[in-house]
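Engineer: Before anything else, here's the structure in question.
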Amino acid sequence: MPERLITLENVTKIYGGRKRTVKAVDHVTFDIYRGETLGLVGESGCGKSTTGNMLVHLLNADSGTIRFDGQEITAMSEREFKKLRSDIQMIFQDPYASLNPQKKIGWLLEEPLLIHHKEMSKEDRSRKVDEILRVVGLDESYRDRYPRQLSGGQRQRVCIALALIVNPAFVVADEPVSALDVSVQAQILNLMKKLQRDYHLTYLFISHDLGVVSYMADRIAVMYLGNIVEMGTEEQISRHARHPYTQALFSASADEEGRERIILDGDVPSPSNPPSGCPFHTRCFRCREKCLDQKPELCEMEPGWKIACHYPHEWEEGEDSPQRKAVEV
Amino acid sequence: MKKYFSSMSFCVGFVLVSFMLFVLVVSLFWLPYDTTAMDMSHKLSGPFGGHLLGTDQFGRDILSRLMKGVQVSFLIGLLVVAFGSIMGILIGSFAGYFGGKVDEVIMKLIDTQMAFPGVLLAMMLIAVFGNGLFNTVLALAIMSVPRFARITRSGYMKYREADFVKAERIRGAGSLRIMFVHILPNIKSEIVATASLAFAGAVMSEAGLSYLGMGVQPPDPSLGIMLSEAQDYILRAGWYVLIPCAAITILVMGFNLVGDGIQEINERR
Ligand SMILES: Nc1ncnc2c1ncn2[C@@H]1O[C@H](COP(=O)(O)OP(=O)(O)OP(=O)(O)O)[C@@H](O)[C@H]1O
Ligand code: SF4
Ligand SMILES: [Mg+2]
């Protein structure tokens, strides 16, 4: 049994003031095992970044518990959380916005050492900076450059170096390659994979690019309107998805494999006014009466494979469902 | 720095300010005459005689007094900007970074102060604390706090949710480090522009207060005092009035143009 590094239990985050509230994350429960990459996918606005931000303690959950390595971090103040700061790091989507434009790369890399390892000597810090630059595929010459003098891919390498220089156990990568050229994406993904092996890292890999997630993740969680709707191994989710939303998502990227494409009609409902019952019912091609007012729980169908749908067995692979045909016309 | 020279205002302002700085530097090492030495036999003599810019009603050398007056203006401008900016930056930083109730209260106070005519406020402060150089500086500095606080606050509001600030929090940087090591350098050009405008304002207000007899006290020269003394002789010695006027104009316009130029380029970015 793999060891749980992160556990979320009924974690909820509600944004907003008195008038309009947005339930960005709605009673989300899942685990992340030590050493794995958990992919988190879903359309824009479904609450992926919010989940990631709660894990790195940028946001506080409104209810539920988040544990890191057995310690509950949900209710920790910033002061109490400080000792875990170096264990939990994050890589952002936009490498142009996530580096302070006024500071040189060398200065930026040295700063976390100053914060977390006050005892380190200047020479040790300097050596460590050079070492980490080489680890991410750059070299010492980058120390004296400003972020604006680097390409997107190089900046993202610096961001990775910044995350790794404090020896974290867990890294949240929020769309780390979405802002990069396709040619650079693969390099960064491979670097992340290599570093995961070398430093025994655990990743939460957030993306809306299913190809990228399938490549990176050991397991995938699918989010819709703040809810986890399906979760399983990469193989289960990308090839044998049971939840209608997952099927629709992955059918879009799987044309070449001869699977039919499911086109969802309608837009994502507003998270400030979510549908009753199953959150997906407004767009679901399998929707029945029960779905309108009863919200399906996330249930384990097979070990490690969880689905939040009242009718997960309706459509098995290869079988044609009348509802699906209807949607396609 | 180089990019600012693409602004016409900045270039003109830069030349004017450089000229006054030159006068200032020279005055620190050399003055043609003693600024308070009277020579009753050469009262109100015209320029280009023994005295390059002539003499005043007591026969004192106008050029020397002007140079000394420029010193006083720079000193006051510098002190006002230093005090005003430190206070304003501190207030604006906390208000802008933390937001919420503290911010609301601070901004209300600042709006109230801004609605108050500046010179009137300075006069009230001087009436309470008495006049003299230090109190003039204090009064003008307090007057300039709001503009620094506002520009700093809006800069912090822009950056406090920036990705690099979030990234710093995740790396364990404390609030003070984020505020003053990370955000502040990113808004320095806005602050420099404000400082330049505040400098011009301080020079102008000092001249005004001294003219009214509430700033620097005679016999010390200051551009405002020279102006007020000269006005009695405006018909007999027109150049005498023009000289301090020109100095005030060059200083104020120079710093205003520099400030405007920097703002212009900042906005273009
Ligand atoms: N600070 C905020 N205040 C109010 N609402 C917010 C805030 N941040 C996010 N939201 C809302 O919460 C919901 C979830 O946002 P989140 O950023 O987590 O989505 P996401 O899945 O990361 O989307 P994307 O793929 O576009 O990054 C969205 O509806 C968003 O509008
Ligand atoms: S519960 Fe109903 S509406 Fe929701 S996904 Fe399943 S079939 Fe569709
Ligand atoms: Mg996001």
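Engineer: For a quick check of understanding: with a 1.4 angstrom probe and all protein chains in place, what accessible area in square angstrom does A:ARG127 have, to the nearest ten?
Structural biologist: Answer for A:ARG127: close to 140 Å² accessible.
Engineer: Moving on. Per residue, how big is the convex hull of region A:95-213 when only Cα atoms are used? Give it in Å³.
Structural biologist: It is 102 Å³ per residue.
Engineer: May I pose another question? Which is farthest toward the positive dipole end of the protein assembly as shown among A:ILE165, A:GLN247, B:SER189, measuring Cα position about the Cα centre, with Cβ charges +1 (Lys, Arg) and -1 (Asp, Glu)?
Structural biologist: Checked the options; the winner is B:SER189.
Engineer: Run the 1.4 Å probe and let me know the accessible area of B:ASP163, rounded to the nearest 10 Å².
Structural biologist: Using a 1.4 Å probe on the heavy atoms, I get roughly 40 Å².
Engineer: Taking only DSSP H segments of four or more residues, each worth -39500 (n - 2.57), what value at 222 nm results for chain B once the sum is divided by all its residues, to the nearest 500 deg cm²/dmol?
Structural biologist: After summing the helix terms and dividing by the residues of chain B, the value is -24000 deg cm²/dmol.
Engineer: Moving on. Can you tell me what the convex hull of the Cα atoms of region A:1-129 projects to on average, as an area in nm²?
Structural biologist: Convex hull of Cα atoms, orientation-averaged projection: 10.8 nm².
Engineer: Would you please state the base-10 log of I(q)/I(0) at q = 0.12, 0.15, 0.28 1/Å for region B:105-178, with intensities from the Debye formula using one equal scatterer on every alpha carbon?
Structural biologist: Log10 of I(q)/I(0), two decimals: -0.51, -0.66, -1.19.
Engineer: Take B:LYS101, B:LYS43 and sort them by solvent-accessible surface of the protein heavy atoms, 1.4 Å probe, largest at the top.
Structural biologist: Sorted descending by solvent-accessible area, the residues read B:LYS101, B:LYS43.
Engineer: Here's a follow-up. Considering only protein heavy atoms, with the full assembly of protein chains and a 1.4 angstrom probe, order B:LYS158, A:LYS48 by accessible area, largest first.
Structural biologist: The residues order as B:LYS158, A:LYS48, largest area first.
Engineer: Next up: Please find, in a Gaussian network model of chain A (springs between Cα atoms separated by less than 10 Å), the residue of A:ASP293, A:ASP267, A:ASP62 whose mean-square fluctuation is greatest.
Structural biologist: A:ASP267
Engineer: How big is chain A by the Kirkwood estimate over distinct Cα pairs, in Å?
Structural biologist: Here the Kirkwood hydrodynamic radius works out to 21.1 Å.
Engineer: Would you mind checking the radius of gyration and Dmax of region A:175-247 based on alpha-carbon positions, in Å?
Structural biologist: 13.1, 38
Engineer: Also: Name the residue, out of B:PHE29, B:PHE94, B:PHE14, whose mean-square fluctuation peaks in a Gaussian network model built on chain B with Cα pairs under 10 Å.
Structural biologist: Looking only at B:PHE29, B:PHE94, B:PHE14, the biggest GNM fluctuation is shown by B:PHE29.
Engineer: Classify region B:35-151: rounded, prolate or oblate, from the alpha-carbon gyration tensor (a ≥ b ≥ c, eigenvalue square roots; a/c under 1.5 rounded; otherwise prolate if a/b is larger than b/c)?
Structural biologist: In terms of gyration-tensor shape, prolate.
Engineer: Between B:GLY84, B:GLY201, B:GLY118, where does the largest GNM mean-square fluctuation fall for chain B, given springs only between Cα atoms within less than 10 Å?
Structural biologist: Evaluated over chain B, the most mobile residue of the options is B:GLY118.
Engineer: Count charges around A:LEU55 for me, please; just the other residues with Cβ under 14 Å from its Cβ, Lys/Arg as +1, Asp/Glu as -1.
Structural biologist: Around A:LEU55, the charge tally is +1.
Engineer: A further question on this structure: List the cysteines in the protein assembly as shown whose Cβ has no other cysteine Cβ under 4.7 Å from it.
Structural biologist: A:CYS46, A:CYS159, A:CYS299, A:CYS309, B:CYS11, B:CYS245
Engineer: State log₁₀ I(q)/I(0) for region B:89-240 at q = 0.10 Å⁻¹ as given by the Debye formula over alpha-carbon point scatterers of equal weight, solvent excluded.
Structural biologist: Results for region B:89-240 at q = 0.10 Å⁻¹ read -0.49.
Engineer: Give the accessible surface of chain A per residue, rounded to a whole number of Å², with probe radius 1.4 Å and ligands, DNA and RNA excluded.
Structural biologist: That works out to 45 Å² per residue.
Engineer: Same structure, new question: Run through all the Cα pairs of chain B and give the fraction in each 10 Å bin from 0, expressed as whole percent.
Structural biologist: 7, 26, 29, 21, 11, 5, 2, 0
Engineer: Quick check: with the 1.4 Å probe, what order do A:LYS118, A:LYS128 take by accessible area, largest first?
Structural biologist: A:LYS118, A:LYS128
Engineer: In nm, give the distance between the simple-model label positions of B:ALA37 and A:VAL182, each being 7 Å from the Cα along the Cα-to-Cβ direction.
Structural biologist: 8.5
Engineer: From the Cα trace of region B:186-246, what convex hull volume per residue do you get, rounded to a whole Å³?
Structural biologist: Here the figure is 81 Å³ per residue.
Engineer: Next question. Looking only at Cα atoms, what is the convex hull volume of region A:89-164 per residue, in Å³?
Structural biologist: Convex hull of Cα atoms, per residue: 81 Å³.
Engineer: Viscosity 1.002 mPa s, temperature 20 °C: give me the Stokes-Einstein translational D for the protein assembly as shown in µm²/s, with Rh taken as the Kirkwood radius over C-alpha pairs.
Structural biologist: Translational D for this selection: 74 µm²/s.
Engineer: Principal axis lengths of region B:160-269 from Cα atoms, whole Å, largest first?
Structural biologist: So the extents along the principal axes, rounded to whole Å, are 72, 30, 14.
Engineer: Related question: So what is the calculated 222 nm ellipticity per residue for chain A, using -39500 (n - 2.57) for each DSSP H run with n of 4 or more, over all residues, to the nearest 500 deg cm²/dmol?
Structural biologist: Taking each H run of at least 4 residues, the total per residue is -9000 deg cm²/dmol.
Engineer: Quote the accessible area belonging to B:MET40 in square angstrom, nearest 10, computed with a 1.4 Å probe and with ligands, DNA and RNA left uncounted.
Structural biologist: So the heavy atoms of B:MET40 present about 110 Å² to solvent.
Engineer: In Å and whole numbers, how far do the C-alpha atoms of region A:133-190 stretch along each principal axis, longest first?
Structural biologist: Extents along the principal axes, in whole Å: 28, 27, 17.
The values are calculated or read from the model by the stated rules, or taken from the named source; none is laboratory data. Note that the structure is predicted; figures quoted are calculated from it, not measured. Cβ atoms come from the backbone with ideal geometry, glycine included; neighbour counts cover every protein chain shown. Note: areas computed on protein heavy atoms with side chains; ligands, DNA, RNA excluded. Shrake-Rupley method; radii C 1.70, N 1.55, O 1.52, S 1.80 Å.
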